[in-house]
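Student: One structure coming up, written as structure tokens, with questions to follow.
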Amino acid sequence: MIDAFILLFQWQNLAFLVLGTGLGIVIGAIPGLTATMLIALTLPLTFHMDPVSAVTLLIGEYVGGISGGLITAILLRMPGTPASIVTTFDGYPMAQSGRAERALALGIMASVVGGVISWMFLASMSPSLARFALKFGPWEYFTLVLMALVMLAVLAQGSLAKGLMGAALGMAFALPGIDSSIGQARLTFGSSTLLSGFGLLPVLIGAFAISQVLRDSNSAATDLKIDPPKKRLPVYWSDIRTHGANMLRSSVIGTWIGLLPGIGGNIAALVSYSTTKQLSREPEKFGTGYEPGVVSAETANNASIGGALIPLITMGIPGSVTEAILIGALTIHNLQPGPLLFQNAPEIAYGIIAAYLVANIIMLLMMWGAVKWIARVVQIPRSTLLSIILVFCVTGSYAVNSSFADVWVMIAFGVIGLGLEAARVPLGPFVIGFVLSPIAEEQLRASLMMSDGDVTEILGRPWALFFLVLCVLTLIWPVIAARIGKRNTA
Amino acid sequence: MPEFSRRTLGDLALCALVIAGSIVLFIGASTLPPPRFEPLGSAAVPRILGGILIVLSVIVAVQAVVARNSESEPSPERPAAIPYRGTMVLIALVVYVGALDFGRVPFNVATPLFVLASGLAMSRLTFRHALFFAALGLGVALLLDWILSTFLFIRIG
């Protein structure tokens, strides 16, 4: 771990971390633009970078992107990222009553505390979890991937069938190309372009950046007019006593919710906010500009990042689309996320952990010192930003293989993403299905080869059986919950 | 057309498209060789996914039809939208990439024109805006061209 910090403090890695965090904060603060989109757009550039620098840049963007959302959530009641939705409940009323600086100060402090506490979980749990995961065989991996996909599909907003459909569609789009097991073309229909399959980067950029730009360009929303904070951001020593327990509890909630696939920072913030409200002696004050509301929401949404990074680096399982993109970043550097990462590339595994902590500290310094200017940057006209983003999308997709075929794939997936969103098919399971499909198939085929096609061998593998049972329970839970609800109302 | 029937039609169209895609999966899988060295083979996963997609499509279609006959849900509030803007931006994007790919138009020429077109599609059509977007596009093009050719040794267009 110490080596990872030493490596991180080399000037180029630190510069990329500062750059990533800064970019993340600005993009995260702009409603409509998300950390996911920023990371997808930056990914092609990391192709030509040293893996440690690439990872530090992306982790900085992730942390900054989630944290930056609080600025517009508090000042405009427009959350920069979905994770900051709950911050608007009390942050905006505080700003309306002339306490914008106090709300921002508490939000920033809470974000950092949430980040640091979840880092402690990340640093202490990851190496031992990775050692434990080394005992997993193909059956365990296959069922784990299946469980993650089902959880993502079930927990995605909207209908269960559409969530599952999104995941299955994503998996289907990952099928064309050379089947590595037999070295033969599959589902290419004679096209030489499809021999290498659909590239991860064009698919990610298309599904997230292009579809979002096309959707945002349809919006008649006017450019933002913001009133930046004028006074210094006030925090007091007494805040430790007043908000300490809330921060600690919200950090634990955020971290554990982040661990579960499919539940993002917004749910973590909501659960934490509800818990704080239930435990409060003054629950009626929540929603009226009450400080613990801002603290619980911002602590939990940042803590969820640390939680989500745990299954990513220990088992190679993404909890959200952003983590799926991070897996893409590792794979383009020929690094396989999972338990072997700690053995094969410890500088990356521990580098991610170290970068997460330092990114939180950089975020604190940047947001504390520059919140006024960040609030001004947010006012850049939407048409200007979106036009530039489109050019970046085209050059980014082209730069991966110097091929326009990738750019056309990107546009096609942009349209597919737009169509899926219009049909209310969640994009998260779609993209994660695309990323996890090759792993799931490889592990299933390896499992069946090892057991001579005997599926019942799974019954003798407790962890595989556990994941499978969890998968089935996740699938049937919405039906059970609906029945219980009906019975209660009757 | 009321929002609810549009939603039902949208769901049915989605199901039709997904079923068509599943048929493509089955056709593609039928051309693959049977398993030789392993129990599963190359065609199994496309067939499994094709089957799952058809089942899910049928469920979504039934849900859409049943929901149509039941009490209609209130439609969620949506922000005001100008749909032609997105279409214009998409057309500009396709023309831009087509010009770079098939027309071999230089990147530094195509990019300012694209930024001008997409920028104007998303904002007001005034001379001042046009001048701004053209200048912005030229700046972005020159910067990206320099970065790509100097650091990544890549030339576009």
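One line per residue, one yes/no per condition, for (1) more than 9 Å from every other protein chain (Cβ to nearest Cβ); (2) part of a helix (DSSP H, G or I); (3) touching a Leu at 6+ places or on another chain (Cβ under 9 Å):
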{"site": "B:Gly103", "(1), (2), (3)": "yes, no, no"}
{"site": "B:Leu116", "(1), (2), (3)": "no, yes, yes"}
{"site": "B:His129", "(1), (2), (3)": "no, yes, yes"}
{"site": "B:Leu143", "(1), (2), (3)": "yes, yes, no"}
{"site": "B:Leu148", "(1), (2), (3)": "no, yes, no"}
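Student: Go through the stretch A:165-183 and give me each residue that's closer than 20 Å to B:Thr8 by Cβ and either at pLDDT below 90 or facing another protein chain (nearest Cβ under 8 Å) (or both). Working first, answer last.
Tutor: To start, the set of residues in the stretch A:165-183 that are closer than 20 Å to B:Thr8 by Cβ comprises A:165-166.
Once the filter is applied, which keeps residues that are closer than 20 Å to B:Thr8 by Cβ and either at pLDDT below 90 or facing another protein chain (nearest Cβ under 8 Å) (or both), the stretch A:165-183 yields only A:Met165.
Student: Does A:Ser126 satisfy being assigned to a loop (DSSP other than H, G, I, E, B) and either small (Gly, Ala, Ser) or more than 23 Å from B:Ile19 (Cβ to Cβ) (or both)?
Tutor: no
Student: OK, next. Criterion first (touching a Ser or Thr at 6+ places or on another chain (Cβ under 8 Å), at the interface with chain B (Cβ under 8 Å from one of its Cβ atoms) and not polar (S, T, N, Q)) does A:Leu448 satisfy it?
Tutor: So A:Leu448 does not fit the description; no.
Student: Residue check, A:Phe189 against (1) outside any loop (DSSP other than H, G, I, E, B); (2) within 10 Å of chain B (Cβ to nearest Cβ), all met but one. Which one?
Tutor: Result: A:Phe189 passes all but (1).
Student: Only one of (1) in contact with a helix residue (DSSP H, G or I) (Cβ under 6 Å, 6 or more places away or on another chain); (2) at the interface with chain B (Cβ under 8 Å from one of its Cβ atoms); (3) in contact (Cβ under 8 Å) with a residue 12 or more places away in the chain is not met by A:Phe434, so which one is it?
Tutor: Here A:Phe434 meets the rest and fails (2).
Student: Of all residues in the stretch B:1-12, count the ones that are more than 8 Å from chain A (Cβ to nearest Cβ) and either within 22 Å of the chain's Cα centre (by Cα) or crowded, with 16+ Cβ neighbours inside 10 Å (or both).
Tutor: Counting residues in the stretch B:1-12 that are more than 8 Å from chain A (Cβ to nearest Cβ) and either within 22 Å of the chain's Cα centre (by Cα) or crowded, with 16+ Cβ neighbours inside 10 Å (or both) gives 5.
Student: Let me ask something else about it. Only one of A:Val394, A:Val409, A:Val435, A:Val425 is among the β-branched types (Val, Ile, Thr), in contact with a Gly (Cβ under 6 Å, 6 or more places away or on another chain) and buried (at least 21 other Cβ atoms within 10 Å of the Cβ); which?
Tutor: Among A:Val394, A:Val409, A:Val435, A:Val425, only A:Val425 is among the β-branched types (Val, Ile, Thr), in contact with a Gly (Cβ under 6 Å, 6 or more places away or on another chain) and buried (at least 21 other Cβ atoms within 10 Å of the Cβ).
Student: Given the residues A:Leu194, A:Leu144, A:Leu152, which is the only one that is out of contact with any helix residue (DSSP H, G or I) (no Cβ under 6 Å at 6 or more places or on another chain), among the hydrophobic types (A, V, I, L, M, F, W, C) and either more than 12 Å from chain B (Cβ to nearest Cβ) or part of a helix (DSSP H, G or I) (or both)?
Tutor: Exactly one residue qualifies, and that residue is A:Leu194.
Student: Right, something else. Looking at A:Leu390, A:Leu364, A:Leu357, A:Leu386, which is the one that is touching a helix residue (DSSP H, G or I) at 6+ places or on another chain (Cβ under 7 Å), in a helix (DSSP H, G or I) and under 26 Å from A:Gly316 (Cβ atoms)?
Tutor: A:Leu357
Student: Within the stretch A:445-463, restricting attention to residues that are in contact with a Leu (Cβ under 8 Å, 6 or more places away or on another chain) and buried (at least 22 other Cβ atoms within 10 Å of the Cβ), which residue is farthest from A:Ala168 (Cα to Cα)?
Tutor: A:Leu448
Student: Just need a number here: residues in the stretch B:137-147 that are more than 20 Å from B:Gly103 (Cα to Cα) and over 26 Å from the mean Cα position of the chain (by Cα).
Tutor: Number of matching residues: 4.
Student: Identify all residues within the stretch B:16-54 that are more than 9 Å from chain A (Cβ to nearest Cβ), within 16 Å of A:Lys162 (Cβ to Cβ) and surrounded by 15 or more Cβ atoms within 10 Å (Cβ to Cβ); write none if there are none.
Tutor: Once the filter is applied, which keeps residues that are more than 9 Å from chain A (Cβ to nearest Cβ), within 16 Å of A:Lys162 (Cβ to Cβ) and surrounded by 15 or more Cβ atoms within 10 Å (Cβ to Cβ), the stretch B:16-54 yields B:Ile19, B:Ile54.
The values are calculated or read from the model by the stated rules, or taken from the named source; none is laboratory data. None of these values were measured; they are calculated from a predicted model. We place every Cβ from the backbone using ideal geometry, glycine too, and count neighbours over all the protein chains shown.
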